[in-house]
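Right, one structure below, let's go through it.
The values are calculated or read from the model by the stated rules, or taken from the named source; none is laboratory data. Small disclaimer: the values here were computed from a predicted structure and weren't measured. Every residue, glycine as well, gets a Cβ built from its backbone with ideal geometry; the counts of neighbours run over all protein chains shown. Keep in mind that these areas ignore ligands, DNA and RNA; they rest on the heavy atoms of the full protein, side chains included. Shrake-Rupley method; radii C 1.70, N 1.55, O 1.52, S 1.80 Å.
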Amino acid sequence: MEDVTEPIFVIPLWADLLAVALGGIQGALFASGFRGQRRLDFLGVALIGIMIGMGGGLIRDLLLNTTPVTLQTNWYLLTATGASLFGMLLAGMFERLSKLIIGLDALVIGLFGAFGTSKALALGLPLVPAVFVGVCAAAGGGVLRDVLMGLPVAIMHVGSLYAVAAGGGAFVLAVSQTLGLDAVWAAVIGVAVTTVIRVLAVVFDISLPEQRALYRRKVAVETSAIPIIRPPAP
Amino acid sequence: MEDVTEPIFVIPLWADLLAVALGGIQGALFASGFRGQRRLDFLGVALIGIMIGMGGGLIRDLLLNTTPVTLQTNWYLLTATGASLFGMLLAGMFERLSKLIIGLDALVIGLFGAFGTSKALALGLPLVPAVFVGVCAAAGGGVLRDVLMGLPVAIMHVGSLYAVAAGGGAFVLAVSQTLGLDAVWAAVIGVAVTTVIRVLAVVFDISLPEQRALYRRKVAVETSAIPIIRPPAP
Amino acid sequence: MEDVTEPIFVIPLWADLLAVALGGIQGALFASGFRGQRRLDFLGVALIGIMIGMGGGLIRDLLLNTTPVTLQTNWYLLTATGASLFGMLLAGMFERLSKLIIGLDALVIGLFGAFGTSKALALGLPLVPAVFVGVCAAAGGGVLRDVLMGLPVAIMHVGSLYAVAAGGGAFVLAVSQTLGLDAVWAAVIGVAVTTVIRVLAVVFDISLPEQRALYRRKVAVETSAIPIIRPPAP
């Protein structure tokens, strides 16, 4: 880490804040539509927006053991909060937002994945962990959201292709940069790859093959603590 | 961060340990009353006590990228564990503890919020992220508790006013200190504001307005993975 | 931390990678057998393997505020991923794996607990927090797995003896080292103690006494958000 000779790739503040704002809007849109056992209040929706807007960057900086940049100025929190409120307004105005949510989501994971991978490479991490940090930065906000909202963690389940999109973009970025491409262009390509994979996966309903083990009943009974609830026969 | 000229505000060890002890008692009282699908054993109750007693400080130091002070001496863990055992004893002795739990809880989030905000300001963070670190320190232990116990995360749902109380106290503390008030008095005022808001919110059953989006059915079906369970008709 | 005179105890890379590989296999075996409300895809199983293989080390380094060693070379992630794929293959080949899963699990928590405690002691932490870091490193991967898979967190519930095994091994290691035993032998003894306690606990079905508070109904109704589901009377 000491012998970094190339100048550290600095993500411009406006680009970072743009990603935070888009994440905040997307998080608030998602959370506004949530109807679970308990409802979210205004603050809960804003918290999800802030979590999606800032969570990825926080996780990235924790993994890199650097001081979280999102806490070094007032702008990140103000942007994420403002974007969440704007997202709540949008959610009230439009009936059907699922396409907007999906599109924004794809762009946001692309941006966070690219920024995370770039920063990890700039700090001297090898290719594989740099891609890992990018995937964690891209998916981390969504994992925090699902855990806080008590939902099944989306990245774990059939049909998401979430991490594949994030990992693909981060990998292309890291390889491009290793081959000598300018860091900014590598980041642009990485964002594009992730966003396109994610949108195509949703449009064509592609999912990873579900893993099928042979031994099904025994272990499932032992490990599954979630009761299988069947509606009572009428 | 380098140009910090004012002496770093050091939270006295006794005050920090007092907060840890109160948190440990409160966490153990809460966990002792828990009856979910699976019961907690003694160790589970002690873990929740330790989590509430030390979780806020750990999260604060992670966000600030400083070495966790709670791990630099034996006293924090010994205090949190002892307080948890004491809390279990208390829970066995008294039938109705809900008032004690709520009062302790309000005081504990006040203390952790004030210590978190003060430390963030002392490290040179601007006002908004300093308040954010305070809120995370105040609410973090409870979030960890809810996630580990498989409960809905309290801070997310209607009726909590948790984060508002923590944020209000942290904000008043940060503004007072910015206006020149002594750090200790600012902390005392911050603790008082948080505790009073939280207790009043419970006493008068105040809650934030629930957010109501217009599009309800469609997205709810798509995003809610938790089945809505209705009791069978008799 | 500055006055560390003894040379820092360095865990050999092969030993660390062996623990990561065993963790990856164990995590993938566990996740392959999971049948919850939603199924895991291949990636989900691999993620659980990576989480179990690397989660403990990541949590250890976060708590110690050192740069995560698992991200400083490509080998950790490649090993964890390869081991997960191997674990999936194994899960497909054998019907009954529960004994293998339990044995591997006991060995893995022993290794992670010992490495975590050793590193914490080498960084100058006192005995109690060093043991705590060891327990977090041993149990952390499993907690992450349970949270991501939406399962009740195993360490919290009756019948686990998980943390007792991890804590016992970490304590014996720390005391042995304090009494002057060589760090490597102390680590070997620590691994053995944890593994044996854990295997014996499963074999003889030992569990901690469940905590029984006197006041049961009132608080349970207030705090338990998980509805108690009863099958409809026929």
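Tell me the label-point distance for the pair B:V175, B:L85, using the 7 Å Cα-to-Cβ offset, in nm and rounded to one decimal.
4.5
What's the average, rounded to a whole number, of partner chain beta-carbon atoms within 10 Å of each residue's beta-carbon in B:62-75?
Per-residue shielding by partner chains comes out at 6.
Not counting ligands, DNA or RNA, and with a 1.4 Å probe, what is C:V153's accessible surface area in Å² rounded to the nearest 10?
Accessible surface of C:V153 is approximately 0 Å².
Output wanted: per-residue J couplings in Hz (rounded whole) for the range C:102-117, from phi through Karplus 6.51 cos²θ - 1.76 cosθ + 1.60, θ = phi - 60°, x for Gly and Pro.
Along the range C:102-117, the couplings run 5, x, 4, 4, 4, 5, 5, 5, x, 5, 5, x, 5, 5, x, 5 Hz.
Any idea what the B:W14 label distances to the other copies are, label 7 Å down the Cα→Cβ vector, nm, shortest first?
5.5, 5.5
Keeping all protein chains in position, work out how much accessible area C:D182 exposes to a 1.4 Å probe, and write it in Å² to the nearest 10.
Surface open to solvent at C:D182 totals about 80 Å².
Note the buried accessible area between B and C here, summed over both chains, with a 1.4 Å probe, in Å² to the nearest 100.
Buried area (both sides, nearest 100 Å²): 4200 Å².
Would you mind listing the distances between the C:V175 label point and the same position in each other copy? Use 7 Å along Cα-to-C-beta, nm, one decimal, shortest first.
Once sorted, the set of distances for C:V175 reads 5.5, 5.5 nm.
Across peptide A:167-174, how many C-beta atoms of other chains are within 10 Å of each residue C-beta, on average?
0
Please report the equivalent ellipsoid semi-axes of the range A:13-211, computed as sqrt(5 x eigenvalue) of the Cα gyration tensor, largest first, in whole Å.
26, 20, 15
When Cβ neighbours within 10 Å are restricted to other protein chains, what is their mean count per residue of peptide A:118-127?
2
Shortest first, in nm, what separates the label point of A:V203 from those of the same position in the other copies (7 Å along Cα→Cβ)?
Here the equivalent label points are 6.0, 6.0 nm apart from this one.
Quick check on packing: order C:120-126, B:116-122, C:169-175, A:114-120 by the mean number of other C-beta atoms within 10 Å, highest mean leading.
A:114-120, B:116-122, C:169-175, C:120-126
From the phi angles alone, apply the Karplus equation (6.51, -1.76, 1.60; θ = phi - 60°) to the range B:65-77 and give each ³J(HN,Hα) in whole Hz, x where the residue is Gly or Pro.
6, 10, 5, x, 5, 5, 9, 8, 9, 5, 5, 4, 5
On the protein heavy atoms, probe 1.4 angstrom, tell me the percent of accessible surface of the range C:13-211 carried by carbon and sulfur.
74
On average, how much accessible surface per residue is there in the range A:44-153, in Å², for a 1.4 Å probe, leaving out ligands, DNA and RNA?
30
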